[in-house]
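Structure record follows, encoded as structure tokens.
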């Protein structure tokens with residue numbers, strides 16, 4: 001399993017994904033779930049995947065090679081709008097299902113894949129989408145400025161409480177790292193290293209792209225400070241009035 005999160009904020013996008021893939025407790029591997037499609041000064045898309053690794057890689061490979069439509073072969077490097085990019089990812093998911101879905105069902109293997117796609121094309125705006133295993137998708141909005149895939153339940157509460165559309169990008173980075181730390185502590189199927197990408201609206205290139213490992217000094221600060229803050233908050237809450245102590 002995995003955990004991926006994307007923030008669609010007023011000033012830009014923040015993406016974070018883990019790299020653990022496991023087929024049992026003794027079969028653990030590292031695969032990046034983050035894929036970047038970039039043409040300088042023209043467009044940038046960031047794609048995060050969760051679910052069955054074979055399906056996810058088939059979708060990504062199909063997007064790299066291109067999908068033949070009635071008029072031409074389309075890729076994320078050629079689509080005209082971010083909305084069309086989300087449609088193209090959905091089409092790739094459906095085509096992989098058409099190819100592999102029946103054989104997987106015969107082996108009692110679920111067709112499980114989900115994708116986060118965000119980015120910008122010059123003159124067409126910045127958007128963030130979540131694509132489901134049926135190929136349909138939803139879009140982040142100012143009312144709901146973050147999307148998650150994979151093992152999201154452990155990292156969701158902090159985002160629900162704090163993230164807003166006008167949250168600064170630097171604060172967004174802190175929040176997704178706290179969200180990831182909470183997930184890492186509670187779920188063994190999510191693991192280090194983690195990949196971080198920050199995109200500033202209108203830049204058409206990454207503001208920051210970094211792989212964070214266990215020995216990353218700032219991530220250690222995040223872990224320690226967040227744990228300390230939770231303990232302090234717990235001690236500061238008055239005792240229940242209906243107890244005898």
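What follows is calculated from the coordinates using simple rules that are stated; it is not laboratory data. Because the structure is a prediction, the values reported are computed rather than measured. Here Cβ is always computed from backbone atoms with ideal geometry, including for glycine, and neighbour counts include all displayed protein chains.
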_Stokes-Einstein D in µm²/s, Kirkwood radius over Cα pairs - segment 188-230 at 10 °C with 1.306 mPa s viscosity_ = 129 µm²/s
_Per-q log10 I(q)/I(0), segment 1-80, q = 0.16, 0.22, 0.27 Å⁻¹ (Debye; single scatterer per alpha-carbon; no solvent)_ = -0.74, -1.11, -1.30
*Between residue 170 and residue 218, what is the label-to-label distance in nm when each label sits 7 Å out along the Cα-to-Cβ direction?*
1.0 nm
_Zone of residue 203's modelled label, taken as backbone nitrogen in segment 128-158 under 17 Å from a point 7 Å along Cα→Cβ_ = 128
_Under the √(5λ) rule applied to the eigenvalues of the Cα gyration tensor, what semi-axes describe the equivalent ellipsoid of segment 48-156? Give them in Å, descending._
23, 20, 9
*Just order 9-18, 87-96 by mean Cβ neighbour count inside 10 Å, highest at the front, would you?*
9-18, 87-96
*Enter the angle in degrees (range 0 to 90, nearest 10) between the Cα long axis of helix 217-236 and the first principal axis of the Cα atoms of the chain, meaning the one along which they spread out most.*
50 degrees
*asked:* Can you tell me the orientation of helix 82-106 relative to the chain, as the angle in degrees between its alpha-carbon axis and the longest Cα principal axis, to the nearest 10?
replied: 90 degrees
*Diagonalise the Cα gyration tensor of the chain and give the resulting equivalent ellipsoid semi-axes, square root of 5 times each eigenvalue, largest first, whole Å.*
33, 23, 16
_Tell me the relative contact order for segment 3-236 as a rounded percent, counting alpha carbon contacts under 8 Å between residues six or more apart._
27 percent
_What does the extension gain come out to for residue 158 and residue 232, with contour length at 0.36 nm per residue minus their alpha carbon separation?_
25.0 nm
*asked:* Would any residue of segment 32-76 have its amide N under 12 Å from a label point 7 Å out along Cα→Cβ of residue 103? List them or say none.
replied: 55
*How far is helix 53-65 tilted, in degrees, relative to the longest principal axis of the Cα atoms in the chain, given as a value from 0 to 90 rounded to the nearest 10?*
50 degrees
